[in-house]
Structure formats: C-alpha cells, structure tokens
Amino acid sequence: MSIEIALLILSVTWITHSAMLREFPGPGSWLFQLAASLFGLFFVGRAVLRLWLGESVIPELYQPSDNNLLVAVAFMVMAAIFNLTAAVRIAARMAKQLHQLSQHDPLTGLLNRRALHTRLTEAQQQQQFPCYSIIMIDIDHFKPINDGYGHSIGDAVLAKVGRILKQYTDEHCQAFRLGGEEFALVLQGVSLEKALVQAETLRHHIAQSPVIQDNHVICFTASLGVAEGSTGLQTLEHVLNAADRAMYQAKQQGRNCVSHTPRSATRSIVSYAQVKPSTS
C-alpha cells in the first residue's frame, strides 16, 4: 500500500508540474512540488524499510521506538511544508480570481474600464508601441431596445456585441466594455488610417448580426468614433475623449457610421491642456 500511495503522489506531482509552473511561476510552486515529492519518497522509504528490516521491526507510530520517532518528526515536517505551500497556492489562486473579476465585465466577458486604464497606461510607460488607436463603439437606440423588449433582450444584444468584439482581439488588439452600451477597441501600434478600415469592417459586422431570442429578431447598429494617440504626446484620457467626441459626431451624422478625430485636433487638445493651467 505504501508503494501504491507513493506512486500515486509522485505521478500526480510529475503530471501537474508544468501546469502549476505556468499558473504560479516562482519559488512557491517549486516548494509545493518539493513537499509533494518528499511525501512520495517518504512512503517509498517506509515500504523499503518494511521489506528490508521486516514488518515487526517497524511497528506503527503509536508504539515507542527511535525509528518511529524519526518517522513521526519527518512526517510532521513534510506535512507542515505541504500545508503551508498549499495554503499559499490557494490564497494566490483566490487573489488571481479576484483580480480577474475586478478587470472583467461579467455580462460580456470583456475587459472593463479599469483594465483599460491599467493595461494601456502600463504599455505606454514601457513604451511597447509608438502609437495606438482607440475605436469607441456605442449601440444605436439601445434604450428603446431595452425598454421595448425587456432587459433580457438588451443583455443579449450587449453579449452579442461582446462576442463580435472578441473575434477582433489578438496580441495587438484588446476589447473593452466601458459601461452601459459603450465599448472600445484599443489597437496597439495601429495608425489612424488602418483603424478607420477596421472600424468600418466592425460596423458592417455589427449591422449584419441580429439577435434572435424569444421569437424576436432584433436588428441593431452601432456608431463608432476613432482617434489616434502617440506614446509620450497624449494621455490616455485625451485620446479617449477624442474618440468619444468622434463617436458622438457619428451619432449626429445619422448613426450607423464611423467618424474620427484628425491627428491635428487630438494634438491641439493636448496643447490646450498644457497651456491652460499656466494662464489661470
């Protein structure tokens, strides 16, 4: 039985080693693997001693013996290490899950506004790309859809847009739900011209993707605004505001269209923001 337990512990430790290091890289995972391996080796050593010295020479732990005292101490040390590392891993997993929940929108599964500020600011600080473009997306006439068909249909429309945006995400493009019916795509290292092409493709995709639920076919469209930012020249808030204004301009132009803020306009916003405090 000791051999079977040892083989089970060691095989599970070996199988889960790579996955554990990917999830929790660092010395904590190595310490957990070491403790589990020591458990397995403990049972191997116990089985070898029983076979070598005989069953009667190694009685159970409740009988007084120097050998049993050493075994008990070793077992308690390994158990303490195992429990400590397991508790640390559980706490780390819970912290990671809480962080994921704080960064994601529960309805669409997209990143939220907090994640947008965190990730893009970090990328700017690290200067991972010289420029980026932001596409703001707002669902047209969403309130009448929500009020006329009910919140379940409204949620289905939001979830549909979330699934569409996920199809455009990759290592250089991230999708966010900013709140309500507003979404955003951040295109890292993408110029304004390329972002406008992407926005037009996305607009067509949304317009041709109705929601079918409860015997209702809900067709909807979106208005999109595009703005470009450059690392070190504009803050994230300036570029977001520029894209937001462009999106409202698309609303004023009749909805279901793409508008953009020219580069010169975005830069003039920055210049005004830099000059204004010194003149007040």
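The values are calculated or read from the model by the stated rules, or taken from the named source; none is laboratory data. Here the structure is a predicted model, which is why all the values come from computation and not from measurement. We place every Cβ from the backbone using ideal geometry, glycine too, and count neighbours over all the protein chains shown. We work out accessible area using only protein heavy atoms, side chains counted, and drop any ligands, DNA or RNA first. Shrake-Rupley method; radii C 1.70, N 1.55, O 1.52, S 1.80 Å.
Computed over protein heavy atoms with a 1.4 angstrom probe, the accessible surface ordering of Arg177, Arg163, Arg263, largest first, is Arg163, Arg263, Arg177.
These residues, Ser102, Ser223, go from largest to smallest accessible area, 1.4 Å probe, as Ser102, Ser223.
As a rough guide to protection, the peptides 104-110, 241-247, 179-185 ranked by mean Cβ packing within 10 Å, highest first, stand as 241-247, 179-185, 104-110. Within a straight-line Cα-Cα reach of under 25 Å, Lys251 can be paired with the following lysines, leaving aside sequence neighbours fewer than 8 residues apart in one chain: Lys143, Lys160, Lys166, Lys194.
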